[in-house]
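As C-alpha cells, the structure follows; a few thoughts come after it.
Each reported figure results from applying straightforward, stated rules to the coordinates on display, with no laboratory input. Keep in mind that what you see is a predicted model, and the values were worked out from it rather than measured. We place every Cβ from the backbone using ideal geometry, glycine too, and count neighbours over all the protein chains shown.
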Amino acid sequence: MPKLPILTPKQLIQKLKRIGFINDHQTGSHIIMYHKRTKNRAVIPYHLKTIPKGTLLSLLHEAGLAKEDICNC
C-alpha cells in the first residue's frame, strides 16, 4: 500500500481531473468537483498550504477513491 503523497489543492485538482472529475462550482474557498459516471463529489479546500493527511483521506473517501488512485496519476 503506497503512502499518501503531499499535495497542494492545485495538484489534487489536476489529479482528480485526470480521473474524470469536473469542476461543479465554488463556494467561498472550497471547490466542489463532480464525477458524472459515479455521481461522487469531492469538496476541496482551496488554500495555499498543503492538504493535511487526515483531510486528504476524508476527501478520498468522500470521492469514492483509494490511495492508489491518487498515487498512480
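Points to keep in mind about this one:
- Residue ID - farthest from the chain's Cα centre (by Cα), chosen from residues in segment 25-73 that are surrounded by fewer than 14 Cβ atoms within 10 Å (Cβ to Cβ) and acidic (Asp, Glu): Glu68
- Scanning segment 32-41 for residues that are in contact with a helix residue (DSSP H, G or I) (Cβ under 6 Å, 6 or more places away or on another chain) and in a loop (DSSP other than H, G, I, E, B) returns a single hit, Asn40.
- Of all residues in segment 1-31, those satisfying the criterion of being within 13 Å of Leu60 (Cα to Cα), outside any helix (DSSP H, G or I) and among the hydrophobic types (A, V, I, L, M, F, W, C) are Leu4, Leu7, Phe21.
- Test: residue in segment 52-67 that is touching a Lys or Arg at 6+ places or on another chain (Cβ under 8 Å), in a loop (DSSP other than H, G, I, E, B) and not polar (S, T, N, Q): no
- Pairs, first polar (S, T, N, Q) in segment 5-24, second part of a loop (DSSP other than H, G, I, E, B) and loosely packed, with under 13 Cβ neighbours inside 10 Å, C-beta under 8 Å, six or more apart: Thr8/Leu48; Thr8/Lys49
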